[in-house]
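Just below is one structure, and these are the notes that go with it.
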Amino acid sequence: MQGSATRRLWLGGAALSLLTVLMGMALLGLSGWFITATAIAGLVPAAALVFDVFMPSAGIRLLAIGRTGARYAERLVTHDATLAALAALRERLFRAWSRPRAARWLLQRPARLLQRLTADVDALDNIYLRLVVPAFAALGAAAMLGFALGLMRWWIGLLAALWLLCAGLGIALWQASVSRKAALRRALNTESLRARTVDLVAGKTELLMAGRLAAQCEAIEASDARAAKADMSLFRLEALATVAYGIASALTLCGVLLAMAWLVDERRIGAAVAAFGVLLALSAMEPFAALRRGAAEAGRTLLAVRRIGAVLAQEAPLGEVPVQQAPPIAGLAVQLENASAAHDGRRIIGPLNLEIRQGERVALIGASGAGKTTLLSLISGELAPSSGHVAACDCSWMTQHTELFRESVRDNLRLESPHEQDQNLWNVLEEAGLAHDVRALPQGLDTPLGEGGLGLSGGQARRLALARLLLSPAPCWLLDEVTEGLDAAVAKDVLARLWTQSSGRTLVLATHWQREAAMADRVIWMEGGRLAGEARHGTEAFARAVSSLRADAAPQSPNNKNGI
């Protein structure tokens, strides 16, 4: 239904554009005929007395008002249709980006995401607004001129229509062809400019510490200079196209003027009709000239179509949940059977066979790169298995990187539960040990945070993420290095609160720390993407596995600063 309404808007906008052009041409032609006929009638008193000035003047007023109204309606309808189509396209892009592993891809390429959502999508309005609609109107203008002149002499109308089509469309095709490389250079350099600027803003501290800040600024200036050079090339080509359309319009006018003079000399038409034909030809090239901007942007539009088309070709069907785990058998929270995960056709973990009971607390240990986070991705549904079977209940995942947004404390908490009451928010902040700190903030829950939770310390940010997790009704919590980067005292407090509030839930932790693994019911160690072994709490193997992990550093006394 929505697609049908959008198509009607597209057709309506094109029809209104055609009507506007035709009424404009008719207005100019009728005005020329009326002025000439009035002047001729005034030469003969008898003719002046019987000349009807009311009908032509009424027609001129009607065309003038109608043209203004049609132009206004055309602007409304075409832009409404375009904006509706681009909004729907952005929704489809978001759906496509909700596929497994999309979050990791977007974090790695934020500038590319920005380019797709803004510049690439906006470039597609060129297809309808600056190519389809003007071309439709231009074809109508050629048809009208050919029909009007064909009533005087059929071959004159045919030649005029063919000339308009060949000259008008030929210039547009030539401009699109020669502008393609410059348009591509501008698009690519603009994307490079955005990417380098995003890197500068996001990594200014690292660039400064590495002594590369000045070099990054120079790279941004170089990208900007290349984009400006491409812009200048496009401006020159558009100016040449403007000159070409001017010459074509002048030739059209000269040709029609000579044809009208010949017909008048042959006494086949009168001077007033000749004026009508000349003024009609004067306005016939204008719709073709409107193709200039669309032709200049054709290369950029084609690039955007290829890029966005590649994304949409892999999108999930509309309305379908991209990732939905099958429920495990009764009594289990997680069930993996010969499950593997692959990247670019290369297996990274698996095959894995694993069962985790409901309410069980499992610690995943192993060296960095062993596959712990990838296993959590499989369980959560963020990563689709390349083979085997994965079944899991609903999960909430607290990663080692605290994901906070540039919103208020309240909005960051409500990300998990959008309609949660303030009292419940204060309750989970109290349980996370953060309520006192939030009350001390200038605006309490309404205090805005900066990008990535700027304004909070590392420990406060982790506690806020913990509070948000506590609002989750999911029966299974996945925890990935939740105390990484925290000092020992804060880490132990966060873990104690987490363990208390997670009673009855299934916990799966990926960790390198003894303090986290020691609280688990079972420890599983991974090597090379495989499950290498497991041990239950209270066994000697469990103690050995936990002791192999990192321990909290012992506090140093003032007299033993070197730990000796």
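The values are calculated or read from the model by the stated rules, or taken from the named source; none is laboratory data. Worth saying up front: this structure is predicted, and the values here are computed from it rather than measured. In this analysis, Cβ positions are derived from the backbone assuming ideal geometry, glycine residues included, and neighbour counts consider all displayed protein chains.
Quick check on the range 482-492: of everything there that is under 41 Å from the mean Cα position of the chain (by Cα) and under 16 Å from Leu464 (Cα atoms), which residue is surrounded by the fewest Cβ atoms within 10 Å (Cβ to Cβ)?
Looking at the filtered set, the residue picked out is Gly485.
The rows are residues; the columns are (1) out of contact with any Cys (no Cβ under 6 Å at 6 or more places or on another chain); (2) touching a residue at least 24 places away in the same chain (Cβ under 8 Å).
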{"site": "Val409", "(1), (2)": "yes, yes"}
{"site": "Glu416", "(1), (2)": "yes, yes"}
{"site": "Ala440", "(1), (2)": "yes, no"}
{"site": "Arg462", "(1), (2)": "yes, yes"}
{"site": "Ser472", "(1), (2)": "yes, yes"}
{"site": "Cys476", "(1), (2)": "no, yes"}
{"site": "Leu507", "(1), (2)": "yes, yes"}
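Could you check Asp480 against (1) within 20 Å of Leu376 (Cα to Cα); (2) out of contact with any strand residue (DSSP E or B) (no Cβ under 6 Å at 6 or more places or on another chain) and say which number it fails?
Going through (1) within 20 Å of Leu376 (Cα to Cα); (2) out of contact with any strand residue (DSSP E or B) (no Cβ under 6 Å at 6 or more places or on another chain) one by one, Asp480 breaks only (2).
From the list Leu258, Leu318, Leu354, exactly one residue is modelled with pLDDT of 90 or more and out of contact with any strand residue (DSSP E or B) (no Cβ under 9 Å at 6 or more places or on another chain). Which is it? Break it down into steps so the answer makes sense when it comes.
Values: Leu318 fails: modelled with pLDDT of 90 or more; Leu354 fails: out of contact with any strand residue (DSSP E or B) (no Cβ under 9 Å at 6 or more places or on another chain).
Matching residue, one of Leu258, Leu318, Leu354: Leu258.
Hey, any hits in the range 482-489 for a residue that's charged (D, E, K, R), farther than 29 Å from Asn338 by Cα and not in a helix (DSSP H, G or I)?
Yes, the range 482-489 contains a residue that is charged (D, E, K, R), farther than 29 Å from Asn338 by Cα and not in a helix (DSSP H, G or I).
Regarding Ala26, is this residue assigned to a helix (DSSP H, G or I), surrounded by fewer than 19 Cβ atoms within 10 Å (Cβ to Cβ), of a type outside the set (Lys, Arg) and modelled with pLDDT of 90 or more?
Judged against the criteria, Ala26 is not a match.
Go through (1) assigned to a helix (DSSP H, G or I); (2) of a type in the set (S, T, N, Q); (3) in contact with a strand residue (DSSP E or B) (Cβ under 8 Å, 6 or more places away or on another chain) one by one and return the number of the condition Ser472 breaks.
Going through the list (1) assigned to a helix (DSSP H, G or I); (2) of a type in the set (S, T, N, Q); (3) in contact with a strand residue (DSSP E or B) (Cβ under 8 Å, 6 or more places away or on another chain), Ser472 breaks only (1).
Would you pick out the residues in the range 198-239 that are part of a helix (DSSP H, G or I), aliphatic (A, V, I, L, M) and exposed (fewer than 15 other Cβ atoms within 10 Å of the Cβ)?
Hits for the range 198-239 are Val201, Ala202, Leu208, Met209, Ala214, Ala215, Ala222, Ala225, Ala228, Met232, Ala239.
Inspect all residues belonging to the range 382-390 and state whether any of them is free of Cβ contacts under 8 Å to residues at least 60 places away in the same chain, outside any strand (DSSP E or B) and assigned by TED's automatic domain parsing to the domain that holds Ala520.
Checked against the condition, which is being free of Cβ contacts under 8 Å to residues at least 60 places away in the same chain, outside any strand (DSSP E or B) and assigned by TED's automatic domain parsing to the domain that holds Ala520, the range 382-390 yields at least one hit.
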